[in-house]
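The structure appears right after this line, and notes come after that.
Please treat every number below as a calculation from the coordinates, not as lab data. Here the structure is a predicted model, which means the values were calculated and not measured. Virtual Cβ from ideal backbone geometry, glycine too; neighbours counted across all protein chains shown.
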């Protein structure tokens, strides 16, 4: 298992939450496994690397990105996150006193830093 890959215990928790593979094969590339795609998503999110730098073992970066984008818009990513978080919390592995999220970003003009 690679550094950011999903452990078997976590995979068993979220496997049932994922969309099913299409029953009718479609034209183009064969369907990529959900686990391999999710491991690619975690690699990008944990490493902070650009999508194009995704290692080849996770498949084409565009496939991983497209599925991440589609699942983000449909809410699948939030469902996975909440399920994993609740499983960790049930085992007492989440320290809620050290949790803080902030996504604010304010653009300032040059004159705010003292420029003319």
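For this structure, a couple of remarks:
- GNM flexibility winner over the chain from 63, 105, 78 (Cα, springs under 10 Å): 105
- Relative contact order of the chain, pairs being alpha-carbon contacts under 8 Å that are 6 or more residues apart, as %: 24 percent
- For the chain, the spread of Cα positions along each principal axis, largest first, Å: 63, 41, 28
- Taking 0.36 nm per residue of sequence separation and removing the Cα-Cα distance, the residue 51/residue 27 pair yields an extension gain of 6.2 nm.
- Label-point gap, in nm, between residue 15 and residue 112 - each point 7 angstrom along Cα→Cβ: 5.0 nm
- Ordering of 30-43, 85-98 by packing is 30-43, 85-98, highest average first (other Cβ atoms within 10 Å, averaged per residue).
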